[in-house]
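Worksheet for the structure shown next.
Read-outs throughout are calculated quantities, based only on the coordinates presented, and are distinct from any laboratory measurement. All values reported here derive from a predicted model rather than from experimental measurement. Methodologically, a virtual Cβ is constructed for each residue, glycine included, from the backbone with ideal geometry; neighbour enumeration extends over all protein chains shown.
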Amino acid sequence: MTDERKMTGESESGDGGRRDSREPIRGVHRIRKMSKSAEEVHPKKAFGWAARDTSGVLSPFKFSRRETGEEDVAFKVLYCGICHSDLHANKNEWGSSMYPLLPGHEIVGEVTEVGSNVTKFKVGDKVGVGCVVGSCHACDNCRNDLENYCPKLIFTYNSIDHDGTVTYGGYSNFMVANEHFVLRIPEGLPLDAAAPLLCAGITVFSPLKFNGLTEPGTSIGVVGLGGLGHVAVKFAKAMGAKVTVISTSSAKEKEAIEYLGADAFIVSKNPQQMRAAMGTMDGIIDTVSAVHALLPLIGLLKFHGKLVMLGIPDKPLELPVSPLIFGRKIVTGSCIGGLKETQEMLDFAAKHNITADIEVVSMDYVNTAMERLAKGDVRYRFVIDVANTLKEA
Ligand SMILES: [Zn+2]
Ligand SMILES: [Zn+2]
């Protein structure tokens with residue numbers, strides 16, 4: 001496979017006359033260099049909404065998916081959350097977008113077909129797919145159930161799949177995925193409000209566990225009360241933590257305390273409040289992706305406390321070292337979670353009635369939803385009602 005990719009890659013670069021259209025059809029182009037046509041490799045007709053260029057505007061799109069393989073699960077998409085990453089990818093803000101780009105990695109649906117070797121799922125099961133649909137299964141991370149850190153991981157959309165095609169996400173009528181990357185949605189979780197757990201949920205759950213922040217009585221700060229932050233509050237509270245929300249304004253204070261159950265609320269621009277909370281937190285989950293100062297947050301940590309960064313600012317942040325040294329504090333990061341842990345997170349969420357707070361929207365509202373998301377105008381996650389509102393392109 002590696003050699004084939006290299007060869008087709010080389011022949012692509014010689015195909016000079018089609019420069020503008022080359023990127024969007026890269027996956028298909030690769031398949032054409034193999035003996036089979038795209039239709040033979042991907043015979044199942046599918047449709048969804050895709051972005052075609054850096055405007056990021058989504059519109060109806062026809063494509064195809066592979067036949068359900070021996071280890072594959074095919075499912076009808078019921079709901080798909082709108083993650084902030086979708087917004088960045090649609091507009092190529094991270095520089096890696098391949099158009100047409102069909103986003104969506106908070107996907108929940110119902111199994112319609114399983115391959116002959118599938119053991120975990122049967123037709124009719126409620127399932128989900130998050131950010132990852134493939135990995136190497138051989139590296140240290142894969143062997144330790146950390147597929148999310150596999151150097152060869154395949155993202156659910158805008159990634160090159162094992163067969164050389166570009167992956168397409170959940171803003172579509174159905175999905176086909178290897179069963180290893182399919183999650184079971186536990187009974188009792190509403191399917192629409194569970195969808196965002198597949199990215200937002202695991203993104204906050206995993207670092208709480210990995211950093212030893214799950215003991216009852218642990219003092220946790222959550223910076224930023226958005227898609228990630230609001231589920232971080234819920235998970236930390238369910239684990240028995242004392243949770244403080246840290247926000248730039250008091251606008252969400254009442255909601256954070258009375259509705260989400262946070263124990264305290266600090267306005268980061270209020271020096272008195274920040275000073276009063278210095279040295280009180282075991283860990284801080286920082287979900288902010290805008291450039292912001294780390295020193296005040298490090299100051300909130302106890303000795304040996306941990307600041308976990310989950311947002312990706314577009315410029316490097318300033319890292320003050322002396323408070324790290326004199327307090328043996330840790331600044332770290334975390335990226336989603338492995339499949340085993342994602343299932344554990346879903347089971348924990350079902351047990352503790354944790355879901356995301358959502359606004360369900362129709363497929364044809366998606367561009368407006370993206371505009372509102374860019375302005376932070378959603379509490380707290382948009383979820384597309386795919387099954388009822390996606391019309392065949
Ligand atoms: Zn996401
Ligand atoms: Zn691997």
Q: Quick one: which residues, 5+ away or cross-chain, put their amide H under 5 Å from the amide H of E359? H built at 1.01 Å from N.
A: Y380, R381, F382, V383
Q.
I want to make sure I understand the PRE zone here: with the label point 7 angstrom from the Cα of C139 toward its beta carbon, which residues in the range 331-345 have backbone N atoms less than 18 Å away?
A. 333-341
**Q.** Using distinct alpha-carbon pairs, which all enter the 1/r mean, Kirkwood radius of the chain in Å
**A.** 21.9
Q. How large is ³J(HN,Hα) for each residue in the range 266-274, as worked out from phi by the Karplus curve 6.51 cos²θ - 1.76 cosθ + 1.60 (θ = phi - 60°), to whole Hz, x for Gly and Pro?
A. 10, 8, 5, 8, 9, x, 5, 5, 5
Q: Tell me the trypsin sites (Lys or Arg not before Pro) within the range 314-368 that lie in a loop according to DSSP and have at most 13 other beta-carbon atoms within 10 Å.
A: R328
Q) Pick from A277, A232, A194: which is most flexible by mean-square fluctuation in a GNM of the chain where alpha carbon atoms under 10 Å apart are linked? A) A277
Q: Could you compute the FRET efficiency for R184 and R52, with r as their C-beta to C-beta distance and R0 at 30 Å, rounded to 0.05?
A: 0.30
Q: Give me the angle, in degrees from 0 to 90, between the Cα long axis of helix 339-351 and the longest principal axis of the Cα atoms of the chain, rounded to the nearest 10.
A: 60
Q. Between the range 328-391 and the range 163-239, what's the alpha-carbon centroid distance in Å?
A. 7
Q: Kindly write out, for the range 288-300 in residue order, the coupling ³J(HN,Hα) from the Karplus curve 6.51 cos²θ - 1.76 cosθ + 1.60 (θ = phi - 60°), rounded to whole Hz, with x marking Gly and Pro.
A: 7, 9, 7, 5, 8, 7, 8, 3, x, 6, 4, x, 6
Q. So, counting K/R as plus one and D/E as minus one, what does the shell of residues with Cβ under 14 Å around K329 add up to?
A. +1
Q: Provide Y149, Y171 in ascending order of the number of other Cβ atoms located within 10 Å of each residue's Cβ, fewest first.
A: Y149, Y171
Q: Would you calculate the separation in nanometres between label points at S249 and T368, each defined as 7 Å from the Cα along the Cα-to-beta-carbon direction?
A: 2.3
Q | Equivalent ellipsoid semi-axes - Cα gyration tensor, the range 200-333, angstrom | A | 20, 16, 15
Q) Mind checking which of V291, V41, V176 has the largest fluctuation in a GNM of the chain, springs on alpha carbons under 10 Å? A) V291
Q: For each pair in K242/K329; K126/K252; K242/K269; K242/K315, compute the distance between the two Cα atoms and list the pairs where it is over 27 Å.
A: K126/K252; K242/K315
Q: Pop out the ³J(HN,Hα) list for the range 59-70 in order, Karplus 6.51 cos²θ - 1.76 cosθ + 1.60 with θ = phi - 60°, rounded to Hz; leave Gly and Pro as x.
A: 8, x, 8, 9, 7, 9, 10, 6, 4, 5, x, 4
(Q) Running a GNM on the chain with Cα contacts under 10 Å, which residue among N353, N148, N270 ends up with the highest mean-square fluctuation? (A) N270
Q. How far is helix 200-210 tilted, in degrees, relative to the longest principal axis of the Cα atoms in the chain, given as a value from 0 to 90 rounded to the nearest 10?
A. 60
**Q.** Value of Rg/Rh across the range 295-349 [Cα atoms, Kirkwood radius]
**A.** 1.10
Q: Pull up all non-local amide H partners of S64: gap of 5 or more, or a different chain, and H-to-H distance under 5 Å with H placed in the peptide plane.
A: A46
**Q.** Crossing angle, helix 2-13 versus the chain [Cα axis fit, 0-90 degrees, rounded to tens]
**A.** 80
Q) What are the residues whose amide H is under 5 Å from the amide H of G305, where those residues sit 5 or more places off or on another chain and H is modelled from the backbone? A) I330
Q) If r is the Cβ-Cβ distance from S322 to K351 and R0 is 35 Å, what FRET efficiency results, to the nearest 0.05? A) 0.25
Q: Provide the FRET efficiency to the nearest 0.05 for the A293-E70 pair, computing r from the beta carbons and using R0 = 51 Å.
A: 0.45
Q. What is the sum of charges around C136, taking Lys and Arg as +1, Asp and Glu as -1, for the other residues whose C-beta is under 12 Å from the C-beta of C136?
A. 0
